[in-house]
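Here the structure comes first, spelled out in structure tokens, and everything after it is commentary.
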Amino acid sequence: MVAPSPDAGKPLVILPRPLYPEFAAALDGRFRFVLAADADEGNAAEARAVLVPALTPVSADLVARLPKLEIVVATSTGVDHIDLDACRRRGISVTNAGEVFAPDVADYAVGLVVAVLRRVAAAEAYLRRGRWVADGDYPLATKVSGKRVGIVGLGSIGGLVARRLAAFGCVIAYNSRSPKASAPYKFYPSVRELAAESDVLVLSCALTEETRRMVGREVMEALGKGGVLVNVGRGGLVDEAELVRCLREGVLGGAGLDVYENEPEVPPELWGMDNVVLSDHRAVITPESIQGVVDIVKANLDAFFSGKPLVSQVQL
Amino acid sequence: MDSLGVLLVAPMNAYLEQELDRRCRLFRLWESPADRRDDYLRAHASSIRAVVPYAPHGVDAAMIDALPSLEIVSSYSVGIDRVDLDACRRRGVRVTNTPDVLTDDVADLAVGLAIAALRKIPQADRYVRAGKWKSKGDFTLTTRFSGKRVGILGLGRIGLAVAKRAEAFDCPISYHSRSEKPFPKYKFYPNVVDLAANCDVLVVACSLNPETHHIVNRKAIDALGPEGVLINIARGAHVDEPELISALLEKRLGGAGLDVFEDEPFAPEQLFELDNVVLVPHVGSDTEETCRAMADLFSGKRVGIIGLGRIGLAVAKRVEAFDCPVNYYQRTKQDHPGYTYYPSVAELAASSDVLVVACPLNEHTRHIVNREVMEALGPRGVLINIGRGPHVDETAMVAALADGRLGGAGLDVFEDEPNVPEALLGMDNVVLVPHVGSATHETRTAMADLVLGNLEAHVAGKPLLTQVV
């Protein structure tokens with residue numbers, strides 16, 4: 001008698017690209033993983049689940065190749081890299097990382113707000129280059145406490161940003177698709193109106209067709225020359241070429257950016273600016289967040305294959 | 001002030017320098033070579049009646065001795081650890097500082113540095129600007145800030161402001177100070193090593209004195225450990241810097257966010273190449289030194305608020321965080337079931353330890369705090385006026401304070417601003433805050449104005465605004 005394959009009977013999961021080691025280790029032995037590029041017709045006919053590492057695109061073509069597909073498990077909060085129309089048409093469920101990234105992204109947003117207003121990165125570079133000794137005190141920066149902060153998207157991340165900055169004595173207002181009854185902050189029905197009443201605008205909303213490039217010249221002009229834009233959402237929320245122009249022309253006071261339109265491309269014009277703080281889409285990269293997303297992915301896959309309710313389903 | 005000779009010890013603020021130059025006879029000490037300064041002081045000794053120092057550039061006994069005409073030291077800082085107060089006292093030289101205008105700035109930076117250090121924000125900025133994201137890829141693992149145990153050395157006003165911010169990140173707060181404070185939410189440790197051993201982020205926010213010099217020593221650093229992060233926004237000399245450097249180099253300490261250094265503007269160059277430190281050139285401003293009593297006045301006490309309007313409610317909300325029962329008086333009862341209403345100010349005062357005036361000034365509220373109300377508040381009671389000076393019968397208040405019929409007062413406003421009753425200046429049971437603004441550029445301007453105001457008051461023979469000595 002031939003020993004059965006150790007994987008036989010385990011549910012098949014299609015991967016658009018290889019798993020990170022943390023995922024591979026945590027999910028080891030529970031599923032049969034097959035790369036989308038390596039999937040044969042048998043795999044394609046059988047597959048009911050796709051697991052999406054990072055922001056790898058899930059195209060309508062991939063969805064069409066998998067006739068039995070029922071679930072796409074994302075490892076991010078935003079699911080703009082997945083063709084949601086294709087999923088909606090086929091009744092395919094999509095799950096995301098739920099709220100596991102929210103504390104880290106909110107912390108990072110607050111860190112960027114302080115870093116831009118108080119010039120932490122530029123003052124750091126000044127000191128490390130020996131200029132404190134050579135050129136004297138670093139110029140004055142801008143106060144954080146008491147600033148009016150507008151938050152675009154008061155979801156789990158935006159809500160935590162609001163709570164944190166409120167403790168800094170900042171005045172919080174927000175824009176979202178609709179006012180939140182439970183939010184003790186002032187609602188503005190448009191991003192432009194919110195920007196006009198804010199010193200700092202924090203973007204923490206999902207990227208959708210409605211929100212793509214929602215921050216254009218008009219919004220930046222409303223935010224104004226003392227205003228600061230902080231983006232921890234998606235690069236596509238901002239008209240990046242216009243952002244560079246507004247910063248160069250002094251239309252906008254400063255920016256803290258963790259995300260860009262064409263990552264890892266960052267407009268080189270920004271590299272020389274002292275009023276911006278740049279980072280490499282790292283807001284979620286802590287051990288706690290990684291453990292959190294591993295857990296929620298495992299929970300969604302287990303729930304799906306055992307016919308239980310999904311843990312973090314996205315409303316399509 | 002045309003005739004007032006003012007010695008500015010170092011360039012500190014362009015606005016201050018410009019105003020001093022316009023209003024006084026200004027001497028710029030830094031313009032003479034370091035080895036010729038004694039000659040410079042001798043040459044102008046008879047003209048210099050005022051010295052304006054600031055945190056890193058103080059006034060020592062030798063300088064005081066060299067200036068026989070010196071009458072006032074008006075420091076452009078909160079901390080006056082570099083001013084020889086004993087020498088000033090002996091010579092009868094008056095000393096002023098700029099209290100409380102910096103609390104928020106320093107607390108904001110403390111939390112900003114903690115996030116920057118744990119999440120490596122400046123490192124990310126350098127990485128992206130060097131074009132390395134594209135060439136080397138991403139995925140630099142950093143450490144979460146939310147939920148980390150934050151230990152605070154010194155729970156004065158700045159320490160409390162740091163605590164309030166860190167709480168919003170769900171960080172458990174603990175602290176060490178000379179004595180335990182009435183904040184049940186915050187855990188007290190009787191020594192710094194125990195505090196360091198029980199926190200992830202240690203924030204130094206105490207004042208510098210012989211007891212706190214090198215309070216963060218090797219033992220404290222080792223207790224904080226290889227996962228711990230030290231944030232210093234107070235004074236460089238709080239930390240044994242060579243021990244800090246070796247701990248960072250040997251990875252016995254996880255990281256550091258430093259705004260202050262032992263020998264400014266020289267920051268230890270061994271740290272420049274390290275990626276686990278965030279170093280900024282003393283941009284947080286100075287530590288609080290004088291007004292730590294303010295918050296202690298409130299905690300756990302019954303607080304009575306006159307006028308439950310916007311400001312009154314804001315006060316109520318804040319003091320609730322200090323576990324204070326809130327009472328109030330207003331002409332009509334308000335819909336705030338959590339707060340106890342009293343139909344008269346005297347009844348309110350009789351049931352309160354701290355009475356806060358926060359109502360608008362009109363003919364009904366002029367002298368609303370009169371002798372009767374102060375008697376009701378009593379010898380252990382404290383009056384806080386953040387409304388308008390004329391809310392309080394100032395003459396009656398001065399008498400009540402002088403006789404011990406009223407316990408103390410915290411005053412931001414006065415009947416005849418900028419005149420402050422001279423009798424108050426000698427009392428150590430009052431905290432006097434002259435109308436000062438906020439915002440960083442604005443804060444500095446306010447500080448400069450305090451310096452100018454103190455000098456002006458001195459020349460005009462008026463009471464000083466923020467006298468320390």
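For the reader, a short list of remarks on this structure follows.
- Residue mean of other protein chain beta carbons inside 10 Å, B:126-134: 6
- The range A:1-82, relative contact order in percent, only Cα pairs under 8 angstrom and at least six apart counted: 30 percent
- 0 to 90° range, to nearest 10: angle between helix A:102-117 axis and chain A longest Cα axis: 20 degrees
- Net charge of Cβ neighbours under 10 Å - reference A:Arg32; Lys, Arg +1; Asp, Glu -1: 0
- When both bridge partners sit in the range B:5-96, DSSP labels roughly 5% of those beta bridges antiparallel.
- For chain B, the relative contact order works out to 13 percent when only alpha carbon pairs closer than 8 Å and six or more residues apart are counted.
- The orientation-averaged projected area of the convex hull spanned by the Cα atoms of chain B comes to 25.0 nm².
- Each of the peptides A:62-68, B:389-395, B:195-201 was scored by the mean count of other Cβ atoms within 10 Å over its residues; in descending order, highest first, they stand as B:195-201, B:389-395, A:62-68.
- Expected-Rg normalisation [2.2 N^0.38 Å, Cα atoms] applied to the range B:130-252: 1.15
- For the range B:5-96: relative contact order, % (alpha-carbon pairs under 8 angstrom, 6 or more apart): 27 percent
- Counting DSSP beta bridges with both ends in chain B, the antiparallel % (nearest 5): 5 percent
- Dimensions (Å) - chain A, Cα atoms, principal axes, largest first: 82, 46, 34
- The range B:300-408 - Rg and Dmax from Cα coordinates, angstrom: 12.7, 38
- Subset of B:Lys120/B:Lys148; B:Lys164/B:Lys187; B:Lys164/B:Lys251 violating a 20 Å alpha-carbon distance limit: B:Lys164/B:Lys251
- In angstrom, the C-alpha Rg and Dmax of the range A:102-278 are 15.7, 55.
- Segments B:214-226, A:193-205 sorted - mean Cβ within 10 Å per residue, highest first: A:193-205, B:214-226
- Between the residues B:Tyr341, B:Ala358, B:Leu406, the greatest Cα displacement towards the positive end of the dipole of the range B:301-422, with unit charges on the Cβ of Lys, Arg, Asp and Glu, is found for B:Tyr341.
- Residues of the range B:261-277 with amide N under 12 Å of a point placed 7 Å along Cα→Cβ from B:Ala34: B:264-266
- Inter-chain Cβ neighbour average for residues B:141-151, partner chain, 10 Å: 5
- Take each residue of peptide A:158-165, count the partner chain Cβ atoms within 10 Å of its Cβ, and average: the result is 3.
- Over all other residues within a Cβ to Cβ distance under 9 Å of B:Pro281, the charged ones net out to -3, with Lys and Arg as +1 and Asp and Glu as -1.
- D (Stokes-Einstein, µm²/s), Kirkwood Cα radius, the protein assembly as shown, 1.306 mPa s at 10 °C: 55 µm²/s
- Dipole of the protein assembly as shown computed with +1 at Lys/Arg Cβ and -1 at Asp/Glu Cβ about the Cα centre; of A:Ile71, B:Leu16, A:Gly153, farthest Cα towards the positive end is A:Ile71.
Rule-based calculations on the coordinates, nothing more; no lab input. For clarity, every value in this text was computed on a predicted model and none was experimentally measured. Don't worry about glycine lacking a Cβ; one is built from the backbone with ideal geometry, like all the others, and counts go over all protein chains shown.
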